[in-house]
Amino acid sequence: MKFEKNAYIHVIFFSIISIIYSIISSEIIEYLKVASKVKFIPFKNLMQEILLSLIFAPIIETLFFQFTVYYFIYYIKKKVPNFTLKKNTFLLLYVITSGLLFSISHSYSFYYILLMFIPGGILAYSFYFFKTKFTYPIFYTFLIHFLHNLFAFTWNRM
């Protein structure tokens, strides 16, 4: 599998948006003095953290929160009589549902759940975008998630 023409530009764009959100939300947390209340998953060692946060989580979460949620809503739209959704309504329902489920799955603390809604929405929108314009939406969404987690992994060590 090779990168499709211009796909990398969109991967970088969505990654930058996600990273900017992370930086801004990090600053807001510090300003509000709630950083101690934002808990993260406790890892046993560095290798476990790398494998879980950079490889397994992006793969599993992309498959479940973007791919599965997209096709579940799409299936309901197609199979349930009188359940018609305009394109924008479908997109909004999908992004909100995916973002909400994504954030709830990050239930290490209440604040972390709140913080993860936007990245979940960005990943959902990026999946939708790549699904409509490119061949490999799962791969590109995984890559955005990986780059976001790589940034967070690096940022937390500075």
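Bear in mind that the values in this text are calculations on the coordinates, not laboratory data. Nothing here was measured: the structure is a model prediction, and the numbers come from that model. Positions of Cβ are generated from backbone atoms using ideal geometry, with glycine treated the same way; all protein chains shown enter the neighbour counts.
Within the stretch 76-102, which residues are loosely packed, with under 15 Cβ neighbours inside 10 Å, assigned to a helix (DSSP H, G or I) and more than 12 Å from the chain's Cα centre (by Cα)?
I76, K78, K79, K87, N88, T89, L92
Among the numbered conditions (1) crowded, with 17+ Cβ neighbours inside 10 Å; (2) within 16 Å of S18 (Cβ to Cβ), tell me where W155 comes up short.
With (1) crowded, with 17+ Cβ neighbours inside 10 Å; (2) within 16 Å of S18 (Cβ to Cβ) applied to W155, the lone miss is (1).
Tally time: how many residues in the stretch 114-152 are crowded, with 17+ Cβ neighbours inside 10 Å and either β-branched (V, I, T) or under 21 Å from N45 (Cα atoms) (or both)?
Count: 9.
L52 - would you say it is surrounded by 14 or more Cβ atoms within 10 Å (Cβ to Cβ), of a type in the set (A, V, I, L, M) and under 20 Å from the mean Cα position of the chain (by Cα)?
yes
Looking at the stretch 36-49, which of its residues are surrounded by 12 or more Cβ atoms within 10 Å (Cβ to Cβ) and closer than 19 Å to I113 by Cα?
Matches in the stretch 36-49: K37, V38, K39, F40, I41, F43.
Among all residue pairs at least 6 apart or on different chains, which show Cβ distances below 7 Å where the first residue, located in the stretch 132-155, is closer than 19 Å to T68 by Cα and the second is of a type in the set (D, E, K, R) and part of a helix (DSSP H, G or I)?
P137/K131; H145/E61
So which of I73, I122 ends up being under 13 Å from the mean Cα position of the chain (by Cα) and either more than 26 Å from I9 (Cα to Cα) or of a type in the set (V, I, T) (or both)?
It is I122.
Between a residue in the stretch 55-79 that is farther than 12 Å from F142 by Cβ and any residue that is exposed (fewer than 15 other Cβ atoms within 10 Å of the Cβ), which pairs come within a Cβ distance under 8 Å, given they are 6 or more apart or on different chains?
From residues that are farther than 12 Å from F142 by Cβ, the pairs are I76/F83; K77/F83; K77/T84.
Restricting to the stretch 103-112, count the residues that are surrounded by fewer than 17 Cβ atoms within 10 Å (Cβ to Cβ) and either in a helix (DSSP H, G or I) or in contact with a Gly (Cβ under 6 Å, 6 or more places away or on another chain) (or both).
Residues meeting the conditions: 3.
Could you go through the stretch 104-114 and let me know if any residue there is in contact with a His (Cβ under 9 Å, 6 or more places away or on another chain) and within 23 Å of N149 (Cα to Cα).
yes
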